[in-house]
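**Student:** Dropping the structure in here first, questions after.
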Amino acid sequence: MEELNIDKIKTALVIIDLQKGIASMQRQTQPYAADVVVGNASKLVEAFHKNGMPVFPVRVTPSADFKDSLQPITDNPPMRFERTTDWADLVPDLGIQPTDLVITKRQWGAFYGTELDLQLRRRGITTIALCGISTNIGVESTARAAYELGYQQIFAEDAMAASSLEEHENTIKTVFSRIGRVRKTGDILAEL
């Protein structure tokens, strides 16, 4: 396996949807439980902070009136759940600092309709390390857009999870391996 050779000046961590409402949902995540995903993501956050590297936590939430929520006609309707007042709050265990730039999105991907690309480019970032929930939804949508925008990508495979093992593995094997480098959290930490 090729070494990562992470350029600490040009690499940022992008964390997808590790917020209270998603990380604490009753459904199980696979192949890693949400607390494992959060634990591995927090190790990455700590390492990026220690090395003076940017951290971009991303959360998803509709506006208060829900009028910006996407309403597609689908064969497989989206999950419905009650949003508590702290639903969009980032999981405290991540160790997010005031210097981290929190991005709020209104759909699956973190680039469309947000300032993520602008803020990464202003900081000279050319590579992003990605993690979060759900592998095949928010993380994959963000990764596809990052690929189209020309970013190099590193995927922390054990710092993400999906609703099923099949969904997670399909994205890892058929998408992420074609648009970036898939590694374990420990591999990324060792490079830093």
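Read-outs throughout are calculated quantities, based only on the coordinates presented, and are distinct from any laboratory measurement. Remember, it's a predicted structure, so these values are computed and weren't measured experimentally. Counting neighbours? That spans all protein chains shown, and the Cβs are built from the backbone with ideal geometry, glycine included.
**Student:** So for the chain, taking the charge dipole from beta-carbon charges (+1 Lys/Arg, -1 Asp/Glu), which of ILE188, SER24, VAL38 sits furthest toward the positive end?
**Tutor:** ILE188
**Student:** Helix 34-50 versus the longest principal axis of the chain: what is the Cα-based angle in degrees, 0 to 90, to the nearest 10?
**Tutor:** Tilt relative to the chain: about 40 degrees.
**Student:** May I pose another question? Just need the Rg to Rh number for the range 17-126, please, alpha carbons only, Kirkwood Rh.
**Tutor:** Numbers: Rg = 15.2 Å, Rh = 15.6 Å.
Looking at the range 17-126, the ratio lands at 0.98.
**Student:** How big is the Cα convex hull of the chain in projection, averaged over all directions, in nm²?
**Tutor:** Details: hull surface 42.6 nm².
The Cα convex hull of the chain, projected and averaged over all directions, gives 10.6 nm².
**Student:** Here's another thing I want to ask about it. Magnitude of the Cβ-charge dipole of the chain, K/R +1 and D/E -1, about the Cα centre, nearest 20 debye? Present the calculation step by step, with values, prior to reporting the outcome.
**Tutor:** Working: 21 positive and 25 negative charges, 82 e Å.
That gives a dipole near 400 debye.
**Student:** Just the number, please: percent antiparallel of the DSSP beta bridges in the chain, rounded to the nearest 5.
**Tutor:** Details: 2 of 24 bridges.
Once the DSSP bridges in the chain are tallied, antiparallel ones form about 10 percent.
**Student:** Straight distance only, please: which aspartates and glutamates reach the Cα of LYS8 with their own Cα at less than 19 Å, same-chain residues fewer than 8 apart left out?
**Tutor:** Filter leaves GLU46, ASP100, ASP117, ASP187, GLU191.
**Student:** Then there's this: Based on DSSP H runs of at least 4 residues, each adding -39500 (n - 2.57), what is the mean residue ellipticity at 222 nm of the chain after dividing by all its residues, to the nearest 500 deg cm²/dmol? Show your work: numbers first, answer last.
**Tutor:** On the way: 6 runs with 50 residues, N = 192.
Using -39500 (n - 2.57) per qualifying helix, the result is -7000 deg cm²/dmol.
**Student:** Now for a separate question. Would you list which aspartates and glutamates come within 13 Å of LYS173, measuring only between C-alpha atoms, while excluding same-chain residues fewer than 8 positions from it?
**Tutor:** Cα-Cα hits under 13 Å: GLU140, GLU157.
**Student:** Test of understanding: in a Gaussian network model of the chain with alpha carbons linked when under 10 Å, which of GLY138, GLY95, GLY109 would top the mean-square fluctuation ranking?
**Tutor:** Answer for the Gaussian network model of the chain: GLY95.
**Student:** Among ARG144, ARG178, ARG59, which comes first, then next, by fewest other beta-carbon atoms within 10 Å?
**Tutor:** So the residues, fewest neighbours to most, are ARG178, ARG144, ARG59.
**Student:** Further question: If neighbour count is taken as other Cβ atoms inside 10 Å, put LYS105, LYS67, LYS184, LYS8 in order from fewest to most.
**Tutor:** Values: LYS105 21, LYS67 8, LYS184 14, LYS8 11.
Lowest count first: LYS67, LYS8, LYS184, LYS105.
**Student:** Sticking with this one: Would you mind ranking ILE15, ILE73, ILE133 by Cβ crowding within 10 Å, fewest neighbours first? Intermediate values should be presented prior to the final figure.
**Tutor:** Working: ILE15 35, ILE73 5, ILE133 26.
Fewest-to-most Cβ neighbours within 10 Å comes out as ILE73, ILE133, ILE15.
**Student:** Separate question: When the C-alpha atoms of the range 124-192 are aligned to their principal axes, what extent does each axis show, in angstrom, from largest down?
**Tutor:** Its Cα atoms span 35, 28, 18 Å along the three principal axes.
**Student:** What percentage of all Cα-Cα pairs in the range 65-151 are separated by more than 17 Å?
**Tutor:** Every Cα pair in the range 65-151 considered, those over 17 Å come to 60 percent.
**Student:** How large are Rg and Dmax for the range 1-59 when only the alpha carbon atoms are used, in Å?
**Tutor:** Rg then Dmax for the range 1-59, in Å: 13.4, 39.
**Student:** So, one more: Go ahead and collect, in residue order, the members of the range 57-76 whose backbone nitrogen is under 20 Å from a label point 7 Å along the Cα-Cβ direction of ARG144.
**Tutor:** 58-61, 69-76
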